[in-house]
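The values are calculated or read from the model by the stated rules, or taken from the named source; none is laboratory data. Just so you know, these numbers come straight off a predicted model, no measurement behind them. When we count neighbours, we look across all protein chains shown, and the Cβ atoms used for this are built from the backbone with ideal geometry, even at glycine.
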């Protein structure tokens with residue numbers, strides 16, 4: 001029992017069957033399509049509100065059959081936190097942060113992994129592999145462990161040390177590679193036949209996007225089935241942005257948000273050291289070239305080529321939004337500034353968002369009375385490398401109170 | 001508007017007034033007491049069930065007046081995760097982990113901090129200070145930032161690097177001290193007058209325990225207002241254990257759990273390198289001596305003396321439980337073994353619990369069909385030092401598939 005009508009090639013609309021393993025179609029990602037009319041008859045927002053606070057409360061809008069137990073680590077709904085102090089500093093009257101750091105393994109990647117690992121398990125997979133710039137590897141390792149699957153992870157050698165730790169902790173077969181995430185992706189692709197693993201790469205299977213779209217469903221529910229004016233979203237592989245846009249279309253068609261709802265404008269944020277989507281957006285192109293010499297401490301943004309580039313760019317443009325870069329040298333300072341202002345641990349990718357947000361408020365692109373939601377996609381302490389923290393040493397036997405400010 | 005009847009000195013039952021700043025009474029902690037009869041009339045478990053999934057849903061059982069906004073980072077209810085695979089390995093039919101790592105700042109410390117910082121703010125405090133063995137400092141820094149307060153943190157020089165990072169991230173005035181947590185505590189005490197800070201040390205103000213008791217309230221609610229047979233709890237300062245025992249008494253008196261409920265036996269777990277409570281328990285004493293040369297990689301257990309020692313020991317004994325130590329050299333292996341078995345990132349303190357649990361199942365102290373809840377008190381990646389993770393390097397241009405197991 002499920003509400004999936006079919007799968008659909010995103011590049012050409014080809015109808016594909018549901019219920020068997022799928023990766024790409026014509027080298028491009030695959031959408032999951034639902035019988036939304038049947039879902040409309042089966043469940044209401046009031047029903048959803050009575051369910052446990054987990055992304056699985058949107059069960060009918062997820063591909064896993066209703067009678068199959070998901071592979072879950074108890075991923076709760078993440079809080080949508082008002083940020084009045086930081087808003088005031090930026091000149092915004094309604095600034096909110098959706099804090100994804102409170103998910104299992106400390107990042108938004110868990111949304112995608114609970115969905116795709118659940119589906120892979122249902123479809124008989126026992127060994128998975130993926131490339132990762134950081135948090136996806138930790139999440140995949142955890143969910144694969146939860147599912148009792150073998151997990152191979154390939155990560156750039158300069159991946160944050162915490163992500164390497166996670167892969168080891170959860171018993172994954174994890175490797176450091178002398179390259180970038182796309183080099184790691186090639187290993188996963190090349191090994192598929194010989195190693196017999198299922199490729200869980202971003203957007204290379206249809207279900208991570210379904211898990212990620214719950215960011216959009218939750219946001220709508222938490223705002224009383226309305227949506228904000230603008231969403232700032234740090235964009236690496238782009239699954240979340242694409243997923244949220246899909247969620248908004250489904251909510252419109254379901255009638256769970258009003259037919260005349262003005263959908264949010266997406267501001268897709270990348271780091272100046274790795275900005276393939278911004279480059280393509282600025283050129284007016286639908287596909288992005290590989291970004292040369294990708295380099296940024298915001299490891300989740302170190303994605304020089306995205307297989308879903310056209311889906312990201314389509315969504316940004318359809319939303320009336322834009323793509324923009326933040327400054328590399330602003331990352332550490334913005335992590336500390338935003339975290340100190342509101343007590344929310346801001347990750348480097350989200351720090352880049354704040355750098356762009358400040359600029360766009362100043363130049364009027366974002367209005368001072370617009371409601372703005374910024375996604376904090378991971379726990380800041382997973383990025384020790386991004387913010388050196390050298391604390392002052394004290395001798396317990398000789399405290400200089402004046403030096404402490406006393 | 002609140003339901004607090006009075007404060008009460010834990011050592012002698014002295015009635016103390018509510019509504020003003022309080023630290024210790026006769027050098028010992030203070031309980032918060034409620035008009036439970038009025039709470040019984042005002043709210044039911046069914047009302048609670050309809051509220052947002054946050055520890056603030058137990059609002060009537062918390063000290064903050066109902067019309068005062070709490071200082072919150074959206075601390076959700078943490079999942080209670082079945083662990084069938086690990087249970088089977090240990091010979092248990094009903095093993096559950098309560099995963100506190102999904103709270104803000106990645107540890108159970110956020111429960112205490114949202115409560116005590118909310119109360120401190122309400123009572124006019126603008127500067128706080130505390131000693132910390134690790135996660136409490138990160139949580140205090142975050143909640144103080146959220147409240148707009150100044151926060152001083154003193155931590156042993158060998159505190160995990162992630163905790164040092166957090167203190168800096170949230171803008172706290174944080175210092176590394178050449179000593180243990182009790183040495184840090186002395187600095188906080190000595191500086192109180194000169195520095196004008198409010199002392200937020202574990203159990204040295206009355207409200208952290210009220211926040212921590214929500215672990216017990218949530219546990220009961222998640223089990224349909226019943227309780228497990230045994231609770232394994234890693235014990236540093238002991239606030240959580242004491243708080244849960246208090247919660248169970250309050251639930252009994254409210255009638256939210258059945259009058260004849262058999263309360264859980266506490267197994268209070270410490271590391272062999274720092275076990276003051278276990279030592280006192282074994283000797284049959286109510287107060288614990290300072291544990292000499294405290295040393296363990298489970299930094300949250302590196303608490304050689306606890307001001308609430310008698311409260312901890314009273315609760316363990318009243319529950320029919322016990323205190324026991326786990327082996328230092330089992331910590332890393334248990335972190336990886338338990339995390340790999342269930343996909344839950346197990347922290348060092350909880351790894352010690354599993355070491356003790358395995359032993360107590362083998363010797364029959366814990367029955368194979370008893371329901372056992374183990375608290376996972378923090379996110380494993382906050383303890384990089386506890387589990388070295390040296391991943392294998394791969395050359396992207398020369399993959400040896402056979403070496404990968406292909």
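Looking at A:241, A:251, which is the one that is in contact (Cβ under 8 Å) with a residue 60 or more places away in the chain and in contact with a helix residue (DSSP H, G or I) (Cβ under 7 Å, 6 or more places away or on another chain)? Walk me through how you get there before you give the answer.
Values: A:251 fails: in contact (Cβ under 8 Å) with a residue 60 or more places away in the chain.
Just one listed residue meets the conditions, A:241.
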Do we have residue A:300 as in a helix (DSSP H, G or I), within 30 Å of residue A:247 (Cα to Cα) and either in contact (Cβ under 8 Å) with a residue 60 or more places away in the chain or at the interface with chain B (Cβ under 10 Å from one of its Cβ atoms) (or both) here? yes
Which numbered condition residue B:400 fails, given (1) outside any helix (DSSP H, G or I); (2) buried (at least 24 other Cβ atoms within 10 Å of the Cβ): (2)
Among the residues of the stretch A:354-380 satisfying the criterion of being part of a helix (DSSP H, G or I) and in contact with a helix residue (DSSP H, G or I) (Cβ under 8 Å, 6 or more places away or on another chain), which is surrounded by the most Cβ atoms within 10 Å (Cβ to Cβ)? A:380
Here the residues within the stretch B:252-284 that are surrounded by 14 or more Cβ atoms within 10 Å (Cβ to Cβ) and part of a loop (DSSP other than H, G, I, E, B) are B:256, B:257, B:261, B:263, B:264, B:272, B:273, B:275
Any residue that is under 17 Å from residue B:381 (Cβ atoms), in a loop (DSSP other than H, G, I, E, B) and more than 10 Å from every other protein chain (Cβ to nearest Cβ) - is there at least one of those in the stretch B:93-107? no
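Report yes if residue A:89 is closer than 30 Å to residue A:343 by Cα, surrounded by fewer than 17 Cβ atoms within 10 Å (Cβ to Cβ) and in contact (Cβ under 8 Å) with a residue 40 or more places away in the chain, otherwise no. I'd like the intermediate steps shown before the answer.
Numbers: closer than 30 Å to residue A:343 by Cα: yes; surrounded by fewer than 17 Cβ atoms within 10 Å (Cβ to Cβ): yes; in contact (Cβ under 8 Å) with a residue 40 or more places away in the chain: yes.
When the stated conditions are applied, residue A:89 passes them.
So, residue A:237, is that one in a loop (DSSP other than H, G, I, E, B), out of contact with any strand residue (DSSP E or B) (no Cβ under 7 Å at 6 or more places or on another chain) and buried (at least 23 other Cβ atoms within 10 Å of the Cβ) or not?
Values: in a loop (DSSP other than H, G, I, E, B): yes; out of contact with any strand residue (DSSP E or B) (no Cβ under 7 Å at 6 or more places or on another chain): yes; buried (at least 23 other Cβ atoms within 10 Å of the Cβ): yes.
For residue A:237, the condition - in a loop (DSSP other than H, G, I, E, B), out of contact with any strand residue (DSSP E or B) (no Cβ under 7 Å at 6 or more places or on another chain) and buried (at least 23 other Cβ atoms within 10 Å of the Cβ) - is met.
When you check residue A:326 against the structure, is it more than 14 Å from every other protein chain (Cβ to nearest Cβ), farther than 26 Å from residue A:162 by Cα and crowded, with 21+ Cβ neighbours inside 10 Å, yes or no? Quick ask: steps written out before the conclusion?
Numbers: more than 14 Å from every other protein chain (Cβ to nearest Cβ): yes; farther than 26 Å from residue A:162 by Cα: no; crowded, with 21+ Cβ neighbours inside 10 Å: yes.
No.
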Among the residues of the stretch A:386-406 satisfying the criterion of being in contact with a helix residue (DSSP H, G or I) (Cβ under 7 Å, 6 or more places away or on another chain) and in contact (Cβ under 8 Å) with a residue 40 or more places away in the chain, which is nearest to the other protein chains (Cβ to nearest Cβ)? A:387
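Check B:356, B:374, B:307 and return the single one that is in contact with a strand residue (DSSP E or B) (Cβ under 8 Å, 6 or more places away or on another chain) and modelled with pLDDT under 95. Let's see the steps before the verdict.
Details: B:356 fails: modelled with pLDDT under 95; B:374 fails: modelled with pLDDT under 95.
Going through B:356, B:374, B:307 in turn, the sole match is B:307.
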Of (1) touching a residue at least 24 places away in the same chain (Cβ under 8 Å); (2) surrounded by fewer than 17 Cβ atoms within 10 Å (Cβ to Cβ), residue A:47 satisfies all except one. Which? (1)
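Surrounded by fewer than 20 Cβ atoms within 10 Å (Cβ to Cβ) and assigned to a loop (DSSP other than H, G, I, E, B): is that true of residue B:21 in this structure?
Values: surrounded by fewer than 20 Cβ atoms within 10 Å (Cβ to Cβ): yes; assigned to a loop (DSSP other than H, G, I, E, B): yes.
Yes; evaluated as a whole, the condition is true for this residue.
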Note on the stretch B:185-196: residues assigned to a helix (DSSP H, G or I) and at the interface with another protein chain (Cβ under 9 Å from one of its Cβ atoms) are B:186, B:187, B:190, B:191, B:194, B:195
Could you check, for the stretch B:142-159, whether at least one of its residues is out of contact with any helix residue (DSSP H, G or I) (no Cβ under 7 Å at 6 or more places or on another chain) and within 19 Å of residue B:212 (Cβ to Cβ)? no
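Just to be sure, is residue B:330 part of a helix (DSSP H, G or I) and either more than 27 Å from residue B:25 (Cα to Cα) or at pLDDT 95 or above (or both)?
Numbers: part of a helix (DSSP H, G or I): yes; either more than 27 Å from residue B:25 (Cα to Cα) or at pLDDT 95 or above (or both): yes.
The answer is yes for residue B:330.
Would you mind finding the one in B:107, B:5 that is in contact (Cβ under 8 Å) with a residue 24 or more places away in the chain, touching a strand residue (DSSP E or B) at 6+ places or on another chain (Cβ under 6 Å) and within 28 Å of residue A:340 (Cα to Cα)? Explain how you work it out, then say what you get.
Working: B:5 fails: within 28 Å of residue A:340 (Cα to Cα).
After ruling out the rest, the residue left standing is B:107.
Considering A:30, A:39, which residue is in contact with a strand residue (DSSP E or B) (Cβ under 9 Å, 6 or more places away or on another chain), surrounded by 15 or more Cβ atoms within 10 Å (Cβ to Cβ) and at pLDDT 95 or above? Don't jump to the end; show me each part of the working.
Details: A:39 fails: in contact with a strand residue (DSSP E or B) (Cβ under 9 Å, 6 or more places away or on another chain).
The match here is A:30.
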Can you name the residue in the stretch A:329-353 that is away from chain B (no Cβ under 14 Å) and touching a residue at least 12 places away in the same chain (Cβ under 8 Å) and, of all such residues, is surrounded by the most Cβ atoms within 10 Å (Cβ to Cβ)? A:349
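Please work out if residue A:200 is in contact with a strand residue (DSSP E or B) (Cβ under 9 Å, 6 or more places away or on another chain), buried (at least 21 other Cβ atoms within 10 Å of the Cβ) and at the interface with chain B (Cβ under 10 Å from one of its Cβ atoms). Walk me through it before giving the result.
Values: in contact with a strand residue (DSSP E or B) (Cβ under 9 Å, 6 or more places away or on another chain): yes; buried (at least 21 other Cβ atoms within 10 Å of the Cβ): yes; at the interface with chain B (Cβ under 10 Å from one of its Cβ atoms): no.
No; evaluated as a whole, the condition is false for this residue.
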Out of A:85, A:51, report the one residue that is in a loop (DSSP other than H, G, I, E, B) and touching a helix residue (DSSP H, G or I) at 6+ places or on another chain (Cβ under 9 Å). A:51
Criterion: over 30 Å from residue A:368 (Cα atoms), assigned to a loop (DSSP other than H, G, I, E, B) and in contact with a helix residue (DSSP H, G or I) (Cβ under 7 Å, 6 or more places away or on another chain) - qualifying residue of A:32, A:71: A:71
